[in-house]
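FYI, it's all coordinate maths here, none of it is from the lab. All figures in this text were calculated on a predicted structure; none of them were measured in a lab. Every residue, glycine as well, gets a Cβ built from its backbone with ideal geometry; the counts of neighbours run over all protein chains shown.
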């Protein structure tokens, strides 16, 4: 059993789906791939969103990625680049060091990340801190704050805690919405087909737990999504790969 601070595994699924509700991909609609400087739309009715800017009546791309329209707002879902930590991100990290007051963690970001003892939802004896999580252990955590040179983490939300056993893989963090799918459809397809537990961090770290065959198949499916992320008909490809459709 995972030492988590939730009542069941459905809460972790809820956490993953809620995190990406605004960045989910609509698998039925092919998105346009744009490069920095490319004009996406023209007209006064359009407003710039994430990774876009307005010049005159033109909305222009600031990043390489896929265009998404949300009413009048146009944004880009990047498909390359490094993880950009933001307050509220749910991420997965590995314990790198233990201090008297908490854990130093690798979450793949540009700065060091620290989980203080006070951000645990239950009492932990600071003299036996490694009994809860030791060096090399994997945890699902939330970013509580981002400041110059460091990231503060917390466990005081549902679905967070130590992830026992399983394996940890890393993908480009900008491919995470594609792995999750619209309203969690893609990740649920993989979990159901491979009979695995999967926790996807917004930093691109993904924890998979099941039997060996299931873990292998789930990892292969995720890597296929990463390689084919800008392809149309991706859901059908994954269903066929997992044996659901011929």
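Please give the Cα centre distance for region 171-246 versus region 44-69, rounded to the nearest Å.
A separation of 29 Å, based on Cα centres.
Which of the peptides 164-170, 45-51, 203-209 is most tightly packed, and how do the rest follow, judged by the mean count of other Cβ atoms within 10 Å per residue? Mind showing how you got there, number by number?
Values: 164-170: 14.1, 45-51: 16.6, 203-209: 22.6.
So the order, starting with the most tightly packed, is 203-209, 45-51, 164-170.
What length, rounded to one decimal in nm, is gained on full extension from residue 72 through to residue 158, with 0.36 nm per residue of separation minus their alpha-carbon distance? The partial results should precede the final answer.
Numbers: separation 86, 0.36 × 86 = 30.96 nm, distance 3.37 nm.
Stretched fully, the residue 72-residue 158 segment lengthens by 27.6 nm.
Please compute the length gained on full extension between residue 125 and residue 230, using 0.36 nm multiplied by the number of residues separating them and subtracting their Cα-Cα distance.
Numbers: separation 105, 0.36 × 105 = 37.80 nm, distance 4.82 nm.
So the extension gain works out to 33.0 nm.
What's the percent breakdown of Cα-Cα distances in region 33-78 across 10 Å bins, shortest bin first?
36, 59, 5
Need one number: nm distance between label points at residue 42 and residue 192, each 7 Å from Cα along Cα→Cβ, rounded to one decimal.
Placing both labels 7 Å along Cα→Cβ, they lie 4.5 nm apart.
Find how much the distance from residue 135 to residue 240 grows on full extension, using 0.36 nm per residue of separation minus their present alpha carbon separation; answer in nm with one decimal. Before the final figure, lay out each step's value.
Details: separation 105, 0.36 × 105 = 37.80 nm, distance 3.93 nm.
Taking 0.36 nm per residue and subtracting the Cα distance, the gain is 33.9 nm.
With a ≥ b ≥ c taken as the square roots of the eigenvalues of the C-alpha gyration tensor of region 182-246, please select rounded if a/c is under 1.5 and otherwise prolate if a/b is larger than b/c or oblate if it is not? Can you show the working numbers first?
Working: a/c = 1.67, a/b = 1.16, b/c = 1.44.
Oblate.
Could you list 157, 100 so that the one with the fewest beta carbons within 10 Å of its beta carbon is first and the one with the most is last? Walk me through the numbers before you get to the answer.
Details: 157 17, 100 8.
Starting with the residue having the fewest Cβ neighbours, the order is 100, 157.
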